[in-house]
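Written below as structure tokens is the structure these notes are about.
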Amino acid sequence: MSVIKKDNWFYLKRTVLYLALTATGILVTYPFIWMICTAFKIPGTALKFQLFPHNLSDFSTMYTRENFIKVWQGMNFSVYFLNSLFVAGTAAFFATFFATMAGYVFAKKEFWGRQKIYYLLLSTMMIPGMMYMIPQFVIIVKMGWYNTYKAMIIPHLASVFGVLLLRQFIETIPTSLIEAAKIDGASEWQIFRRVIIPLAFPVVATLFLMTFLFHWSNFLWQLVVSDPGLTQNIRTLPVGLALFRGPHANEWELMMAASCFSIIPIAIMFWFAQKFFIEGMTQGAVKE
């Protein structure tokens, strides 16, 4: 009898847990679903809370893809999208590459002051990023990089967090593998490319995704180093979305269509790389 009561209590707890998780999932995904539905709606119907027409044959009277075509072709968002893709992709690639090399050096190479330099770098993580903005902006202007891609990319190529993440993992790679590669005649570059990167690939892919996401959604710095009033050629998607709200504040359908473009690359990348992302976060956070 006691076993039956225990089973009933177990199933009751599981039912309550699943109901709570389902409700939380609906609550979290509702803004995302509302954004996509609104992006396809006919202009002027964004605030009508009706997802399906009374007659399915009237589906085309509620939804249209013209909002995406208008935003992409008529409002220059194709240029903003490609600019964001170039800035985020280039910055993420080089920041990950430099962090991997630095992580390898701090993990496996012996040189004077290695630990002191490493901890000095780590101490810079305690300084808020906003503190760097004014000095970086002054340097950018004096170097003549204002309103260029270089101003958006180069100041953020150094990632101390990336160095920390890669060093933690590379330290777990057996040094005997590196010594065996040296005995076989491998150069430092070959060891780095054929031994370190393949073994640390989940962590490298995770750092690339995180850096890409940071630059893809970076608004303030890209707004500061570009002049939206002079040219739209280097404007990125977050800046374009912010300026889009002004003259089109009441056109919710167009705003949501423009917002959909900002989540497409992130969703695709996480869909294909979620296995590496979870594995990389676990391996980079644990030191055995």
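The values are calculated or read from the model by the stated rules, or taken from the named source; none is laboratory data. Keep in mind it's a predicted model, so treat the numbers as computed, not measured. Methodologically, a virtual Cβ is constructed for each residue, glycine included, from the backbone with ideal geometry; neighbour enumeration extends over all protein chains shown. To get the accessible areas, we keep the full protein, side chains included, count just its heavy atoms, and leave off ligands, DNA and RNA. Shrake-Rupley method; radii C 1.70, N 1.55, O 1.52, S 1.80 Å.
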* To do: Consider Leu164 carefully, then state whether it is at pLDDT below 90 and either surrounded by fewer than 13 Cβ atoms within 10 Å (Cβ to Cβ) or part of a helix (DSSP H, G or I) (or both).
  => no
* Asked: Leu223: within 30 Å of Ala107 (Cβ to Cβ), modelled with pLDDT of 85 or more and open to solvent by 10 Å² or more (accessible area, probe 1.4 Å), yes or no?
  -> no
* **The lone exception for Ala258 - which of (1) at pLDDT below 80; (2) under 30 Å from Pro31 (Cα atoms) it fails** => (1)
* Kindly indicate whether Lys182 is within 22 Å of Asp227 (Cα to Cα) and basic (Lys, Arg). => no
* Please enumerate the residues belonging to the range 81-134 that are surrounded by 15 or more Cβ atoms within 10 Å (Cβ to Cβ) and among the β-branched types (Val, Ile, Thr). => Val87, Thr90, Thr96, Thr100, Val105
* To do: Kindly establish whether Thr29 is farther than 30 Å from Leu223 by Cα, open to solvent by 30 Å² or more (accessible area, probe 1.4 Å) and assigned to a helix (DSSP H, G or I).
  => no
* Out of all the residues in the range 172-182, is one or more of a type outside the set (A, V, I, L, M), open to solvent by less than 60 Å² (accessible area, probe 1.4 Å) and out of contact with any Pro (no Cβ under 9 Å at 6 or more places or on another chain)? -> no
* Inside the range 86-131, can you point out the residues that are at pLDDT below 90 and under 21 Å from the mean Cα position of the chain (by Cα)? -> Met125, Pro128, Gly129, Met130
* Within the range 163-176, which residues are under 33 Å from the mean Cα position of the chain (by Cα) and of a type outside the set (D, E, K, R)? -> Val163, Leu164, Leu165, Leu166, Gln168, Phe169, Ile170, Thr172, Ile173, Pro174, Thr175
* Take the range 137-151 and flag every residue that is out of contact with any Phe, Trp or Tyr (no Cβ under 8 Å at 6 or more places or on another chain) and surrounded by 15 or more Cβ atoms within 10 Å (Cβ to Cβ). => Phe137, Trp145, Tyr146, Asn147, Thr148
